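Please treat every number below as a calculation from the coordinates, not as lab data. Remember, predicted model here, so these are calculated numbers, not experimental data. Because the Cβ atoms are built from the backbone with ideal geometry, glycine has one as well, and the counts that use them run over all protein chains shown.
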Amino acid sequence: MKPIRLFFGIIKVPLDFFLTVAAFFVALKLRTLPDLFPSIQAPFDVTTLPNSSAFFYFTLKSAALLVVIFAVNQMYVMKIYRALSRELAKLLFVIFSWMMVIIAYYFVIRTFPFSRLVLIYATILTALFLSIYRIIIHYIRQALFRRGIGQYRVAIIGDGAFAKDFTKKIQKHLDYKFIGYILEKDQHDGEMKNILEHWKI
């Protein structure tokens, strides 16, 4: 595993956690603004505000739950390549599912610790924050790959129709660098070993 790939994979876990916590606190602040959306009346009642420590504890548990759900859905598996559009689509789906789990829990126990509007804001902000930083990471990685940083070097054994078709597929992805074909004659005269050593495959 390339160190740069490992870094971008691992950094998602703390970022997801802390940005989710931040989204809840921003959502709570927005709830205190009754005229945030002039066309929508959302009267503010100070009694709906949660206790500070209780709310903080709730956000920590909610953020931890989201990280666990992400892990279960293989959002942190570094060996799986996803196009940015597919990753964002899965991100939004998982975030929506996560919030449904929280709402279902409080529905079952027939109580709710604070304004439901805070949860709505928090869901939207979490999706926004996590999407933005994933987009930023995506383009940083693409820029690094274009400079040959973090790329996997690929040599294909044989140069038949299948090998050439496979070459076209991997060349569409910047995280792979195609270095050439290894022909059958190269495998017998020791040339293959020299190629592998030279390119550090």
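A few notes on this one:
- Between Phe25 and Tyr57, the contour length at 0.36 nm per residue exceeds the Cα-Cα span by 10.3 nm.
- Take the Cβ atoms of Leu84 and Phe112, set R0 to 41 Å, and the FRET efficiency comes out at 0.70.
- Between Tyr139 and Tyr181, residue separation times 0.36 nm minus the direct Cα-Cα distance comes to 12.2 nm.
- Contour minus Cα-Cα distance for Leu33 and Leu128 (0.36 nm per residue): 32.2 nm
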